[in-house]
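The values are calculated or read from the model by the stated rules, or taken from the named source; none is laboratory data. Keep in mind the model is a prediction, meaning the values are calculated, not measured. Cβ: placed from backbone, ideal geometry, glycine included. Neighbour counts: every protein chain shown.
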Amino acid sequence: MKTSHFLSTQDWSRNSLDALLDQAREFRSSKQGTALQGKSIALLFFNPSMRTRTSFELGAHQLGGKAIVLAPGKDAWPIEFEVGAVMDGDTEEHIAEVARVLSRYVDLIGVRAFPKFQDWSVDREDKVIHAFARHSTVPVINMETITHPCQELAHIMALQQHLGADLKRRKYVLTWTYHPQPLNTAVANSALQIATRYGMDVTLLCPTEDYLLDPRYMDFARENAAANGGSVTVSHDIESAYRDADVVYAKSWGAIPYFGRWEQEKPIRDAHRHFIVDEAKMALTRKALFSHCLPLRRNVKATDAVMDSPSCIAIDEAENRLHVQKALMAALAKPGMGNGE
């Protein structure tokens, strides 16, 4: 029996995603349930977390399950992921054993592992999450790596709350924003994927071509748009991008051509602080909704006025993480979804 994982929304049909969202809306209305009664999930955090840890741990509890939180290299042994590695360094055990042992203990495994930010040709392979999926005999959930599929579902759920179920042809602006440090492209990759999956007219707004996303995700977006009646446009012009938008989604990310050479990228990033989401830009829209995955540096990525406005749905989106992840865990924990012993 093949084990079902949730590594990317691209791997799931639109009908399956819609079913998860329908279940999430039920969980929003009624928090408690028994879908995970007697079941457990191991949550492995290779990076810090606030919303992800809280929502997964609490979600498992509300459905009658148990969450085991592990931080490899801190409260658990450091893990080796390379095939054929001679383990005479800092790592103590191999993923081949870790994933199989955890599969004997728990019903689900969640993994949060950011890129190393040294070599994008290596990071884009997403080795950590794929190694878990390869060796695990229970379903594996991506809690953010180089994509953030749980955030995608929470985001779409929030948009549907405010705009209705049919998002097709709504103008959606995914805008790069300044940040003093280069950040992961995960949320931007995911926003591009899910907005096009739901047929929106997506404008990717970024300072220069250096800030285009990996071709894999640009291609996914174009394929999704063609299949779902939407479109994808790249713009470097703030005013035309914002004009008549229905949704503005902000995120900062590092320029892939400078991956691992951030000091060389810094002058470009610093020259585009004006990409901040402010009242003047939002005034160009059709009273657009504004959101961000959080955490957000106020008055760096977006102004206080934007964050505190009625059009900001970032808190709704954050709340929805709890609901969609409960729906996801409940779906994956059903008999027949994995082949753990």
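From GLU144, GLU125, GLU152, grab the single residue that is part of a loop (DSSP other than H, G, I, E, B) and closer than 16 Å to LEU328 by Cα.
Within the list GLU144, GLU125, GLU152, the selection yields GLU144.
Here's the yes/no breakdown for (1) acidic (Asp, Glu); (2) buried (at least 16 other Cβ atoms within 10 Å of the Cβ); (3) under 18 Å from the mean Cα position of the chain (by Cα):
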residue: ALA165; (1), (2), (3): no, no, no
residue: ARG169; (1), (2), (3): no, no, no
residue: TYR172; (1), (2), (3): no, yes, yes
residue: VAL187; (1), (2), (3): no, yes, yes
residue: GLU209; (1), (2), (3): yes, no, no
residue: GLY229; (1), (2), (3): no, no, no
residue: SER235; (1), (2), (3): no, no, no
residue: TRP253; (1), (2), (3): no, yes, yes
| note | For region 186-234, the count of residues that are part of a loop (DSSP other than H, G, I, E, B) and under 29 Å from LYS116 (Cα atoms) equals 6
| query | Does SER252 fit the bill of being at negative phi and without any contact (Cβ under 8 Å) to a residue 40 or more places away in the chain? | reply | no
| message | Consider region 32-91. How many of its residues are part of a loop (DSSP other than H, G, I, E, B) and touching a Pro at 6+ places or on another chain (Cβ under 7 Å)? | response | 4
| task | Would you tally the residues in region 93-122 being closer than 27 Å to ARG216 by Cβ and outside any helix (DSSP H, G or I)? | result | 12
| task | For residues that are at pLDDT below 95 and touching a strand residue (DSSP E or B) at 6+ places or on another chain (Cβ under 6 Å), scanning just region 83-122, find the one that is surrounded by the fewest Cβ atoms within 10 Å (Cβ to Cβ). | result | MET87
